[in-house]
Amino acid sequence: MKTRKRMRLEHYDYSKSGFYFVTTNIGTKEYLLSSISDSKILFTEFGEIVENAWYDLPNHYSHCLLDKFVIMPNYFHGIIIIENESTKSRVHGLSEIMRAFKSFSSKRINELNVGENKFKWHKSFYDRIIRDEKELLNVRNYIVQNPLKWAINKGDGKL
């Protein structure tokens, strides 16, 4: 039987205070969330739902703050900040926050998408623990430059 590759850092507490860079893809890899024109992102209705689900996370997880993010045609990059003060009761970790984000957005998209193929995110997500200020600045820059890189890599000539 094929064993699944572990996505998370073994023995790391993902409810620990810190900055986390996350990426999740649409399961079908279709361009459903946005389009890129002149290096600018134009959200589809689905992309707007994803944006609203992202901004709604702190309303459900008070220890969760949001930083830079980008909604690309078939994937999402973002930075989640977890503030786990020792005086608080147990806080949810990164996996729970991402589960909620994907679940909230999928549910709302599928309410609009009646009778068609159901929208699904890829089963897991990629994460990177941001360890210092330099890395944080690099990740923020990477996120901001993503639309330009997309335009260059896709060769649409609209730079």
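Yes/no matrix, rows are residues, columns are (1) assigned to a helix (DSSP H, G or I); (2) touching a residue at least 40 places away in the same chain (Cβ under 8 Å); (3) touching a Phe, Trp or Tyr at 6+ places or on another chain (Cβ under 8 Å):
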site	(1), (2), (3)
I109	yes, yes, yes
S124	no, yes, no
L136	yes, yes, yes
N141	yes, no, no
Q145	yes, no, no
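Scanning the range 119-141 for residues that are more than 17 Å from T24 (Cα to Cα) and of a type in the set (K, R) gives R131, K134.
Scanning the range 124-159 for residues that are of a type in the set (A, V, I, L, M, F, W, C), modelled with pLDDT of 90 or more and touching a strand residue (DSSP E or B) at 6+ places or on another chain (Cβ under 9 Å) yields a count of 7.
For the range 52-107, filtered to residues that are touching a residue at least 60 places away in the same chain (Cβ under 8 Å) and among the small types (G, A, S), the residue that is nearest to N25 (Cα to Cα) is G78. Each residue in the range 27-51 was checked for being under 21 Å from V144 (Cβ atoms), assigned to a helix (DSSP H, G or I) and touching a residue at least 24 places away in the same chain (Cβ under 8 Å), and 2 pass.
Can you pull out the residues in the range 52-64 that are among the hydroxyl-bearing types (S, T, Y) and part of a loop (DSSP other than H, G, I, E, B)? Correct list: Y61, S62. Hey, could you check the range 22-81 for residues that are surrounded by 14 or more Cβ atoms within 10 Å (Cβ to Cβ) and of a type in the set (G, A, S) and say which is farthest from N141 (Cα to Cα)? By that ranking, first place goes to G27. Only a single item in (1) among the aliphatic types (A, V, I, L, M); (2) out of contact with any strand residue (DSSP E or B) (no Cβ under 8 Å at 6 or more places or on another chain); (3) at pLDDT below 90 is not met by I49, and it is number (3). Could you tell me whether the range 66-88 includes any residue that is at pLDDT 95 or above and among the small types (G, A, S)? Looking through the range 66-88, at least one residue is at pLDDT 95 or above and among the small types (G, A, S).
Being of a type in the set (K, R), touching a Phe, Trp or Tyr at 6+ places or on another chain (Cβ under 6 Å) and either assigned to a strand (DSSP E or B) or surrounded by 14 or more Cβ atoms within 10 Å (Cβ to Cβ) (or both) is a description that applies to K102.
The values are calculated or read from the model by the stated rules, or taken from the named source; none is laboratory data. None of these values were measured; they are calculated from a predicted model. Every residue, glycine as well, gets a Cβ built from its backbone with ideal geometry; the counts of neighbours run over all protein chains shown.
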